[in-house]
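Here is the structure we will look at.
Any read-out appearing in this document is the output of simple, stated calculations on the displayed coordinates, not a laboratory observation. It should be emphasised that the depicted structure is a prediction, and the values quoted were computed from it without experimental measurement. As a convention, Cβ positions derive from the backbone with ideal geometry for all residues, glycine included, and neighbour counts pool all protein chains shown.
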Amino acid sequence: MLGSTRRRISTERIMKKFVVLVMLLSLIAVAAVSAATAKLSVPKGYEKWEKSKAQVITDKKSLFYGIHYIYVDKKAMKAYKTGGTYPEGSRFVVVNYTIRNEGGKQVEGKKSMVVLMQKDKKQKASGGWLFAGFSPDGKLSGLDPVKDCYECHLKDAKATDLVISKYSDFK
């Protein structure tokens, strides 16, 4: 009986240490993603990349409610057109605007957000992509790269290297 009590206590200690270890590793992964985004800025010159036609999202619950445009850099464009895995460093920038009505039509209002998605194999917690949100003036917005970005991309675009948009909808 004493031996089984010791084994139970030993097993409980091991489990507690394991749980603490998993929690620490999770915190480290989140901290690494946060640290990487803290050094980021909106890529200079992205306005010269290939630009999509306007995408209108009318679901007010959507993070992308409004009118947005997707900018795709040269490194990402080949995979975007043909499908497949994106090369390291591929970048997408999404610029979102509010919706305003003008003569009964939905037109873009003020810039509301800018989002960067960059292929970065170091970003393990977010599937090898770095996600960052910026305010209209280019400051980090506090967007959670895992909860606000990766989880949705994983759900909707696992088969397309986490890229939700399609080139066929681009032009």
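Treating r as the C-beta distance of Asp59 and Lys124 and R0 as 25 Å, the FRET efficiency rounds to 0.25.
For Lys155 and Thr82, what does the FRET efficiency come to when R0 = 30 Å and r is the distance between their Cβ atoms, rounded to the nearest 0.05?
0.80
For the pair Lys171 and Leu140, a Förster radius of 22 Å applied to the C-beta separation gives a FRET efficiency near 0.10, rounded to the nearest 0.05. On the principal axes of its alpha carbon atoms, segment 37-169 extends 46, 32, 30 Å, with the longest extent given first.
Each Lys and Arg Cβ is given +1 and each Asp and Glu Cβ -1; about its Cα centre, segment 37-169 then shows a dipole of about 260 debye. One chain, two ends: Leu40 and Val107. Fully extended at 0.36 nm per residue, the span grows by 21.1 nm beyond their Cα-Cα distance.
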